[in-house]
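Quick notes on the structure that follows.
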Amino acid sequence: MGDIRQSLLPRDVLSAAKELLYHLDIYICNLVQSGRQPPQVDSKTLELVEEFILHAPKDRNTPGRRMSALQELQLLEIMCSCFQEQSRDTVRQLMFSALFSLQGNQADESRMALLGKLVSMAIAVGRIPILECAATWLQRTHRVYCIRLAQVLVDDYCSMVPGSVPTLQNIHSASPRFCCQFITAVTTLYDLNSEELTPPLELLQMIVSWIQDDPRLVLITFLNTPLSGSQPISSLDLTPLGGLVRWCVKAPLAYRRDSKQALTNGTTQNEPETGPLFSALHLSVLQVFMLLPNILNEKGLFGRLALLQMESLAALTSDLSRLLDQADKHTHASSADTHALSQLTLDRLAQALQVAMANGALLCSREDLRAICSRLPHNNLLQLVLSGPVMYYNNIHTPPLAFSPHAAHSPIASHPTHPTHPAHTPHTPLATHPSSHPQYPAQPFMTGMPFPFRPSH
Amino acid sequence: MLKDQAMSVVFDGSPLKAMQSSHTHTPQTALSAQELSQEIKSFISGVDTVQGRKLSVREHARCAVRLLRSVPACRGAVLEHLRSVYDEHVSAFLHNLETEGDASSGVSSNLEDIIQEVHGVLSEFIRLNPRAWAPLVSAWAVDLLGQLSSKHAGRRVAPHSSSLNELLQLWMSCAATRSLMEAYSQCLAAMLAWCPDACVDALLDTSVQHSPHFDWVVAHIGSAFPGTIISRVLACGLKDFCSHGAKDQGLMVMGADKGSRVPKIGSVVGILGHLAAHHSDSIRKELLRMFQESLSPSSPLSPTSSSTSWESSPQLRRAAVPFLLQLAAMSPNLFGAVSAELVELLRPPVLLQLQALLQGLPREELDNMLGLAVHLISQSPSGGARVLRFLADTATPASVIISGPTPSPHEGVREGCDRLLQMLLLHLHKLVFNRSDGAEGNPHHSASSQPQRVIPFLEELQSHVGELCAETLRLERKRHLWLHQLLCLLSVYGGPSVATEALCQLLTQARNPEELALAWQLHTTLSSCMAGLIPAAVARCVAQIHTHTLGPRQLRQLLLNLAAAIQSQDEERRGSAGAQSSMAIQVGSAVSGHLHDFGPLLLHGDPAVSHATVRLLSCSPLPRTSSPAHLLLLSRTAVTHFFLALRRRGEGGKVGRDGGQAGEAVNCSVLLLSRFAAYSPLTLKAVLQQLVEGALHKGNTDLFGGQIADMSGAPVASPSVSPDLGASLLEINCRFGTTVNFSGSVWSVFHAGVIGKGLKVRTATQLPDPSGVIQNIQTLLAVVVQCCSSSGLNGSINGSRPPADPDEPLPINAEAAKVVAVTLVENVCPDVANGELSWPPEEHARTTVERDIHIRRCFEAHPVLFHLLQVVAAGRPALCYCSAVLRGLLATLLAHWEASRDMSSTDSPWHLQASCILVSCMGEGQLLPPVLANVHEAFPHLTPFEVRLLLLAVWEYVRGNGPMPQKFVFSSEKGLFCRDFSRDGDVARYVAPIHSVLHKNIDRLGHLCWRFQL
C-alpha cells in the first residue's frame, strides 16, 4: 500500500484522494478476506490517508496542500457513494476507522472537520451506512470528540440552516443507533450549566419527539452492544439516561434563568414554553427506566450494571444546590414562582432517583443518596424517597439476580462488609471489574428514622 | 403521588404535540434525500443529472442556493462557487461600462437577480442566526471583496486606487460588490455586540493583502462604523509599523516614494484620510487617545481597554509616537486634525513621560524622529504660532529673574526642545535659502522667475509677525536669539512686505536702545538681499499713524525710536562709522520724506506724543525738495507747537519731571524752528510771520506778560454789566442817519467809554508770573533771533560768510527782519490808511487819532512788541517798514506828554519807557542819527513837556528825512546795511531843542552833554 505514494504525488488533490480511497477499499477487502484477526490497518496506510485525504502537513518544509471547498465536496460525495456501495459491513467499519479513528496527531483536526462534514452530508442525503459507522465511531471515541461531532451537527441543522431540522429528525428512522449515540452526545454536551450549554429549542423538540415515539431508542446502543471488554475509557455513556435525567431535573431552574435574562434584555419571549417539553421528556425517561428490569434481567445484568452512575448524580446534586442557592439569592420578587420551580426540580429528582433505584438503574444505598442530597433544600417527596421503604413493585416477584453468579451475596449483608467502599466510588461499567464486587441494590429499611412528613405549606 | 406526577406529565404532553407540529414547518423546497443527492451531483458536475444537459450559470447558482438552504455540509462549497458568480457579474458589469453598455447588458442583468437572491438568503440567515453566520459570511465577503477589487483594479474603467471616492462610487454601483458590502455591514453590525475584533481584523488583514485596491471597502465600512474601525485601523497600523521597524522609514516622506515600502501604513493613511471628511472628530480623538495611552504608565490589567491591547505591549507603546509622527507626515489631513490639540496636551507631566519613553530609543531612531518632527512643523499649515510658543517656552532655560508662564520643565525635556527648535531653524533656513536660489538678491521678481516652494509654517507665521516681534523684544535669554533668527527667515521668505512689517513692528515696539538694536540687526541681515527696506518700513509706520492703529504710548515709542535711530547717526559720525550709520542715514532720509506726515503729530493731544514728535522732527534732516503747501503746513504746526510747549513749560514748571520734559520740548521746538527757518526763504517767512502772529495772538498774550485787551475799543465787560449801559447802536445810528461805519473818523471815538456813562471799567487782569514771562520772552526772542540770523537767508543774500568768531552772534538778516516788521505792522495797525513810510507833519496826526490809540493799546497789551521792535531795529533797514507803527506810537506819546501835568516824566512810567525804547529802537534802526537817538537817555530826568519837545524834534527829523530803505547801503565788511546820515540834510536844526533842554536842566543833565555833540 505504501508504494502507491509515488504515483499519488503528481496527481492533483482531488484525484489523488479519489485514487487513495479506491486503493484503500481494495486493500481492506483483501485484509478482511485474508482472515487475519483482528484485521488491522497498518500505519503506512494511515499516513497515506493523512497525507492525501486529510492533507495534514507531512513535515514543516512542505506546506500541506489544501483542497478547495468544492473539491472537498466532491470528495465527500465520493466517500458517500463509496460507503453506500460497499456491501460488507466489516469493510465499511474498517475503512471508516482507517479514515476517522483519532490518531492523536495533528491530522486529527482536519479529520474531525472532514468527519463532521461527511456525517452532516450523510444525514442530508440519507446515507445510512455512514451513519452506522458514525454510531460505532461515537461509541469508541473519547467523549470530547463525540461532543464536537454533535456540536457540528447541531450547528448545521439546528442553527445554521433554518428549516433543516426535519432532515436531522429523519435519522431516527434511518439509523436508530446513530440517533441514540447522538442523543447521548448531545445530552453530554448541553449540561444546562450556562446559556451556551442550553440546547436549542429545535433540538429539544426533536429529541423529545424521538423518545416519545419510541422510548426504547435510548437503549438501542445498550441493547446492541455486546458487553465485551472493548468499552474504551472516557467514551460516552452507554445510554443517554444520565444526561436526560440531568436535563429534566435542571430544566426548571435553567430555563427560568434564561427567561429572566431575556426579560431584562427587553426581548419578549415568543418561543414556546419549554416546560411541557421537559415534562414529556421526564415522563419518557421514567418510562424507559420502567423498561429496564426486563432488559437487564434478560441480559442477566440486573443489579450489576449501573446505567445511572453515582458520580454523575453527585455532580447533578451539587449543581442543583448551587442553582437553588442562586435562585434564592437573586429572586425576591417572584419568590413563589421560584419556590414552585425548585420544588418541581426536587420532585423530578426524587422521582428519577426512586424510579431508577427501583428499576436497577441506580445501584446505591440510601445513605449514599442522603450524602449526596444532604445540601438540597427540603422537599417532601425527596424526603420520602431518601427515608422511606422501597416498594419493589416491579420486580418483587422475581428473586433478584437469581441467575447471577453472585446471587449468593445478599445485598443487605454485603453492604456492611464493605464500609471502606463507599457507594459513590465509581460505579464503572461492569467490564472494568467484572467479578470483584457487584454493587447490589442496597436499600436498607431505616426503622429508626422518624417519618418526617409534614405538610409543605 | 408518583402517579399524579406522571399524570401531569401526560397532560402536559398533549399540547406539546400541537405545538410541535406547528413548529416543524417544512421548507418551501423540501427535497428528499434522493433529490438532494442528485442536486449535489448536479452542483458538483455542473450538469443537470436528470436531463443530462449543462447547467447555465444562473441555474448552477440557483442549484447552489438550494443546497445552501438544505445541505449544511455544502456551505463551504456553495460559497466558493458563488465567488465565481460574483466575479462573473463584476466582469460583465465592468465590460458593460467599458463598451458603454451596447450589447451585453442582458448577461449582467440576468446575474443581478441571482445575486439579489443570494443576498436575500444570506441576509436572512444572518438575521436569523447572527452568531453562526456573521463570522462566516463576513470572512467570505471580505475576502471576496478583496479578491474582486484587486483583480479588477487594472481595468480601464476602474479609477486609480488613490482616488478613493471614485472607487467607492464605481464599486457601489455594481450589484455584486454592493451586495457583498451590505452583507458585510450586516455581519459587522451583528458582531459588534460580541466580537468586533475578529471581524475587523479580518477586514484589515484583507486590506493589507489587497492594498491599496481594497481601501475603499475599509473606508466605506469605516464611515458606517467609525468608532470601531478607526481605533482598530490605527492599532493595526501600529502593529504593522512596529513589526516593519521604523528604522528605514524615518526620512522616507522626504522622497517621492510615499508609502511604497510599507503598504499598511499607506492604507491606514488612505482609509483615515477618507474618513476624515466626515469623522475628523473621532479620528482626532482616537489619535490623541493613542498618543496619551502610549505615554501613560502601563497598567497591566486596565479594564477599560477593550481594544486589541496594543497598550499592553511595551514595544508597541514605544512605537506609537514614531508611528503617529509617520502617519502625520504622510497625511496632511490627519496632521491638521491632530496638531492643534496636541500642543495643548503637552503639559509638563506629559513631556516627562514622553521623555522617559523616548530615552529608550536608539540614537539613530531619535534623529529620524527629530527630522520628521521638524519636517512636520515646517509643513504644518496652522497652529504654527502656538507650536512655536510652546517650543520656545519649553526650551527657554529656567531663570530666577524671568519666571515664565509655565513652571520650569525638566532639564532633559528642555534640552530636547532646544534641540528640536534649533533643528527647526536650521531646516527652515535651508528651505528658505534653497527656495530663493534662482531669484537671489532680487526678491521682487522672484515670484515670476520660478514657482516657489511654499513653507506652510512660515506662511502661517506671516500673520503673526507682530507677536513674534513682541516676543523677541522681551529679550529673554536664548529665546530672542531663536525668534530673531526666525524673523530673519520669515522676512526672507515673505519678501519685502513681511520684512517691512517686521522692521516696522520692531521699530514700534522697541522700548530701549538694546531692543532697538534688534531692529538694526535684522536690517543688517536682510539688507544684503533686500533693497529699500527702511523707506518701506518707515512708510509703513506712517501708514500706521494715519490709520490710527497705534495708541499714544506706541506712537510715542515709535517716534522716539525713529529719533534715536537718526541720532545714532550723529553718534556714529563722532565715533566709528559702522553699518549702523548708513542705516541711520537711510532712516533719516526716509523720515524726511514723510515730514509732512509727522507734522500734525506735533499737535497731538498727548504731550508725550507731541514731545516725541518734536524730538524726531528736530533731529531729522529736512527733505531736499518739498511742496510749499507741506512746508507751510509744517511751519504752522511747528510754531503752534512752540507756543504750546511754552505754555506747557509754564504750567508744568512746578511739578518736577514734566517740567524737565517740557523744557526739553521747548528746546527741541526752538531747534526745529530754527532749522526749519534756515531751510528756505519760504519757510523762513512763514515761520517768522507765524511766530509774530502767534506771539500777538489773543491766546498767547499772557505768555508774554500781555493782557487780553480789546483792540476795537469796545468795553470788555462781564455780560451782566453790559445791558444797563444803555448804549443802543440803533439809537446812535438813528441819530446820525446812517449805518456807515466811520471808523477812523472822529465820530467813532468810543474807546474811553460811552458818553454819559463815565470811563469804561478796566478789567483787572492778574499778571502772570513775571519770571515765567521773562523766560518766555527770552525764548521767543531767541527763536526769532535764531531764525533771523540763520544761514538760510544769509547764505542766499549775503553769500556764505562764516562768522569769524563763533561766539559772536550772527547778524540779524535784513530780509528776515523785514518779514517780522511787516507782520508786526499788519497785526498792530488796524487799517492801511496813511500807511506810507514817509511821515506827515505832526499836526496831521490828528486825523489818525483812533488808529494811533489802537497802536498804543497794542503796545500796552503786548509788551513783547517792544522786544520785537528791537529785533527789527537790529535788522536794518527793516525798521523802515514799521514806520506807521512808530509814527502812531510816537503820536500818542506826544499827545500824552503834552497833556501830562505831572512834575516829572517818571510819573508816567509806561509812557516814559515806551518813549525811551521807541527812540532807542529808531536809533538802532538808523532812522535817527546818533545825536537824536541818544535823547532817550535824558527822558527820565525831564518834565513831560520837555520830553514832548524832544520827541517833537525826533518827529521833525523823521519827517524831514523819511525812513526809506533805499537810503541804506550794504557794507560788505560789516555784513550789514548802513545809512550814511551825511547824505541827509543838516541835523543841526533839529538839535536846537535838545540843546535848549540841556541848557535848561544843565544841573542834572551835565553828564549827558557829550552825547548830544554833533
Can you tell me the FRET efficiency between A:Asn224 and A:Ala314 if r is taken as the Cβ-Cβ distance and R0 is 22 Å, rounded to the nearest 0.05?
0.15
Euclidean distance of C-alpha centroids, segment A:1-34 and segment B:885-935, integer Å:
157 Å
Taking 0.36 nm per intervening residue step and subtracting the Cα-Cα distance, what contour gain separates B:Arg178 from B:Val350 on full extension?
57.4 nm
Output wanted: per-residue J couplings in Hz (rounded whole) for segment A:166-182, from phi through Karplus 6.51 cos²θ - 1.76 cosθ + 1.60, θ = phi - 60°, x for Gly and Pro.
x, 4, 5, 4, 5, 4, 4, 7, 6, 9, x, 4, 4, 4, 4, 5, 4
Among A:Val285, B:Val387, which comes first, then next, by fewest other beta-carbon atoms within 10 Å?
B:Val387, A:Val285
Once both labels are modelled 7 Å past Cα along the beta-carbon direction, what's the A:Asp214-B:Thr549 spacing in nm?
10.0 nm
Amide H of B:Leu976: which non-local residues (sequence gap of 5 or more, or other chain) have their own amide H closer than 5 Å, using H built in the peptide plane?
B:Ser971
For the pair B:Arg386 and A:Arg140, what calculated FRET efficiency results from E = 1/(1 + (r/R0)^6), where r is the Cβ-Cβ distance and R0 = 56 Å, to the nearest 0.05?
0.15
Evaluate peptide A:122-131: per residue, the Cβ atoms of other protein chains within 10 Å of its Cβ; return the mean as an integer.
4
Taking every residue in A:274-284, how many Cβ atoms of other protein chains lie within 10 Å of its Cβ, on average?
5
What order, most packed first, do the peptides B:957-966, B:316-325 have when packing is the mean number of other Cβ atoms within 10 Å of each residue?
B:316-325, B:957-966
Backbone HN-Hα couplings from phi across segment B:386-391 [Karplus 6.51/-1.76/1.60, Hz, Gly and Pro as x]
5, 4, 4, 4, 4, 4
Would segment B:499-594 count as rounded, prolate or oblate if I go by the C-alpha gyration tensor, calling it rounded below 1.5 in a/c and otherwise prolate when a/b exceeds b/c, oblate otherwise?
prolate
Inter-label distance, nm, simple model (7 Å from Cα along the C-beta direction), B:Met903/A:Glu196
14.1 nm
Is there a pair in A:Lys44/B:Lys41; A:Lys18/B:Lys41; B:Lys239/B:Lys285 whose C-alpha atoms are over 23 Å apart, and which pairs would that be?
A:Lys44/B:Lys41
Given an 8 Å cut-off on Cα distances and at least 6 residues of separation, report the relative contact order of segment B:827-1012 as a percent.
24 percent
Starting from the amide H of B:Val47, placed 1.01 Å from N in the peptide plane, find each other amide H under 5 Å away whose residue is 5 or more places distant or on another chain.
B:Leu55
Working out 0.36 nm times the residue gap between B:Lys430 and B:Glu651, then minus their Cα-Cα distance, what length gain in nm do you get to one decimal?
73.6 nm
Subtracting the Cα-Cα distance of B:Arg983 and B:Glu860 from 0.36 nm times their residue separation yields 40.7 nm
In nm, give the distance between the simple-model label positions of B:Glu166 and B:Glu124, each being 7 Å from the Cα along the Cα-to-Cβ direction.
4.1 nm
Compute the FRET efficiency between B:Glu842 and B:Lys1000 as 1/(1 + (r/R0)^6), taking r as their Cβ-Cβ distance and R0 = 25 Å, and round to the nearest 0.05.
0.70
Listing B:Ser972, B:Ser149 from the residue with the fewest other Cβ atoms within 10 Å to the one with the most, what is the order?
B:Ser972, B:Ser149
Kindly write out, for segment B:538-552 in residue order, the coupling ³J(HN,Hα) from the Karplus curve 6.51 cos²θ - 1.76 cosθ + 1.60 (θ = phi - 60°), rounded to whole Hz, with x marking Gly and Pro.
5, 4, 5, 4, 4, 4, 4, 5, 5, 7, 6, 7, 9, x, x
Students often check this: by mean Cβ neighbours within 10 Å, which of A:206-212, B:458-464 ranks highest, and how do the rest follow?
A:206-212, B:458-464
Shielding by other protein chains, A:153-165, mean Cβ within 10 Å:
6
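Any read-out appearing in this document is the output of simple, stated calculations on the displayed coordinates, not a laboratory observation. It should be emphasised that the depicted structure is a prediction, and the values quoted were computed from it without experimental measurement. No Cβ is skipped: glycine too gets one built from the backbone with ideal geometry, and neighbour counts run over all protein chains shown.
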